[in-house]
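Take a look at the structure set out below.
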Amino acid sequence: MNLTDRFGRRLTWAALVAWLTVAALPALAQTQTQSQAQSQNLTFEEYDPKSTLVVPEHKTPRAKFPLIDIHSHHSTMTPEYVDKLIKEMDSINLRVIVNLSGGSGERLKQVVTAMKGRYPDRFVVFANVMTNDINEPGFGQRAAARLAEDVKNGAQGLKIFKNFGMDLKYKNGDRVKVDDPEWDPIWAKCAELGIPVLIHVAEPDAFFLPIDKNNERWLELKQFPGRARPPEKYPPFETLMTERNHMLAKNPKTKFILAHMGYHGNNLERLGKLFDTYPNAYVDVAAVLAEIGRQPYTARDFFIKYQDRLIFGKDIYEPSEYTYYFRVFETRDDYIEYYRRRHAFWRMYGLYLPDEVLKKVYYKNALRLVPGMNAKQFPD
């Protein structure tokens, strides 16, 4: 193919490329200008900087010691699903999963059979309180009796969900408070049966604050507006904490595991005072890794001091995400990226916990609190 310029002269390929480049310059310049303009108007969600920091990294695909996850939820009960769980658990050294969504009555029996039928040592099931008869006199006593029956049928603990204290109401519109005396028979029954209560009270305190430029959970609240806890619909965070602490004080013989570090992961001094005041209080570390990892010096000291009160938990079950917990707890790595940006737009740092502390957090404390687990499958 012969190409000529406007004077009829034959063009070489080199000349043609040069001519096309010059001709395209205005368009390229315009595209570049547009790109620069767009970069000046990035939203917070779009901004995703890639770190240039070069430091040693120690990826941790398996837990150093066998692990008990005391905070997990599973509703699918097919043999195929349970077999898949076991394979995934083995790959990351997760020895026992505690399914907090056991239900009650016949549902509880079905979950126990499905999960513990072929793998009795690998799963634990907690019962739940059914509140369909909450408006009838004597609810607390009936619920306690149902719980006793659930324990006979294989439950090894009790889980209280987040609607307790916030959304759960009597038919007259009154909120069921966390320290409601109607629930005292349930807590007393747990003490009598020697089972722990894993209880979810409130939400992160940022969810109760105005959704403005100062709220560090702004992105999550924008993406999930229903997670906000405005004062016209919910009790204040401090009201829920006061009620929770009163419940702990009223029931000293009952062991309470406060979910998500009691929502004091961002204030470990406060959590330490809670531990000092209430010997029956423990916490799981589920879904608060971002809080722990951003304060490595303070958190390391805290974990060492209160090593008998902290229990491993994950909440949302996703095998690939456990490795972030292992890396924060076991290594001294710098600037670790978190896996869910709406929880943490910051980076985390390794705590490099001593082995004895790791063992307590990973399995020893759970073995001490939850009856019926086979301790022989764990190191001494």
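The values are calculated or read from the model by the stated rules, or taken from the named source; none is laboratory data. This structure is a prediction, so every number in the text was calculated from the model and none was measured. Ideal geometry is used to build each Cβ from the backbone, glycine not excepted, and the neighbour counts take in all protein chains shown.
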Q. Out of region 248-281, which residues are outside any loop (DSSP other than H, G, I, E, B) and touching a Ser or Thr at 6+ places or on another chain (Cβ under 9 Å)?
A. Leu248, Ala249, Leu268, Glu269
Q: Would you mind finding the one in Leu353, Leu369 that is touching a residue at least 60 places away in the same chain (Cβ under 8 Å) and of a type in the set (A, V, I, L, M)?
A: Leu369
Q | Given (1) modelled with pLDDT under 95; (2) more than 25 Å from Ile336 (Cβ to Cβ), number of the condition Gln223 does not satisfy | A | (2)
Q. Looking at region 132-142, which of its residues are surrounded by 14 or more Cβ atoms within 10 Å (Cβ to Cβ) and part of a loop (DSSP other than H, G, I, E, B)?
A. Ile134
Q | Residues located in region 115-172, provided they are free of Cβ contacts under 8 Å to residues at least 24 places away in the same chain and in contact with a strand residue (DSSP E or B) (Cβ under 7 Å, 6 or more places away or on another chain) | A | Lys169
Q) When you look at Ala127, is it within 24 Å of Arg244 (Cβ to Cβ) and either in contact with a Ser or Thr (Cβ under 7 Å, 6 or more places away or on another chain) or of a type in the set (Gly, Ala, Ser) (or both), yes or no? A) yes
Q. Of the numbered conditions (1) assigned to a loop (DSSP other than H, G, I, E, B); (2) under 21 Å from Thr239 (Cα atoms); (3) of a type outside the set (Phe, Trp, Tyr), Ala206 satisfies every one except a single condition; which is it?
A. (1)
Q) Quick check: anything in region 306-314 closer than 26 Å to Lys222 by Cβ and modelled with pLDDT of 95 or more? A) yes
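Which one of Val197, Val201 is in contact with a Cys (Cβ under 7 Å, 6 or more places away or on another chain) and touching a residue at least 60 places away in the same chain (Cβ under 8 Å)?
Numbers: Val201 fails: in contact with a Cys (Cβ under 7 Å, 6 or more places away or on another chain).
Just a single option satisfies the conditions, and that option is Val197.
Quick check on Val357: is it modelled with pLDDT of 95 or more, within 18 Å of His71 (Cβ to Cβ), of a type in the set (A, V, I, L, M) and part of a helix (DSSP H, G or I)?
Details: modelled with pLDDT of 95 or more: yes; within 18 Å of His71 (Cβ to Cβ): no; of a type in the set (A, V, I, L, M): yes; part of a helix (DSSP H, G or I): yes.
Here the answer is no, as Val357 does not meet what is asked.
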**Q.** Conditions (1) among the basic types (Lys, Arg); (2) touching a helix residue (DSSP H, G or I) at 6+ places or on another chain (Cβ under 7 Å); (3) exposed (fewer than 13 other Cβ atoms within 10 Å of the Cβ): number failed by Lys50
**A.** (2)
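Mind telling me which of the residues Leu353, Leu367 ends up being in contact with a Phe, Trp or Tyr (Cβ under 6 Å, 6 or more places away or on another chain) and closer than 19 Å to Ala286 by Cα?
Numbers: Leu367 fails: in contact with a Phe, Trp or Tyr (Cβ under 6 Å, 6 or more places away or on another chain).
On inspection, the qualifying residue turns out to be Leu353.
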Q: Say whether the condition of being surrounded by fewer than 20 Cβ atoms within 10 Å (Cβ to Cβ), over 23 Å from Leu100 (Cα atoms) and either of a type in the set (D, E, K, R) or touching a strand residue (DSSP E or B) at 6+ places or on another chain (Cβ under 6 Å) (or both) is met by at least one residue in region 309-326.
A: no
Q.
Anything in region 231-274 that is closer than 19 Å to Ala191 by Cα and surrounded by 19 or more Cβ atoms within 10 Å (Cβ to Cβ)? List them, or say none.
A. Arg244, Met247, Leu248, Asn251, Thr254, Lys255, Phe256, Ile257, Leu258, Ala259
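Can you go through Ser91, Ser72 and tell me which one is within 30 Å of Arg347 (Cβ to Cβ) and either loosely packed, with under 15 Cβ neighbours inside 10 Å or of a type in the set (D, E, K, R) (or both)?
Working: Ser72 fails: either loosely packed, with under 15 Cβ neighbours inside 10 Å or of a type in the set (D, E, K, R) (or both).
Answer to the selection: Ser91.
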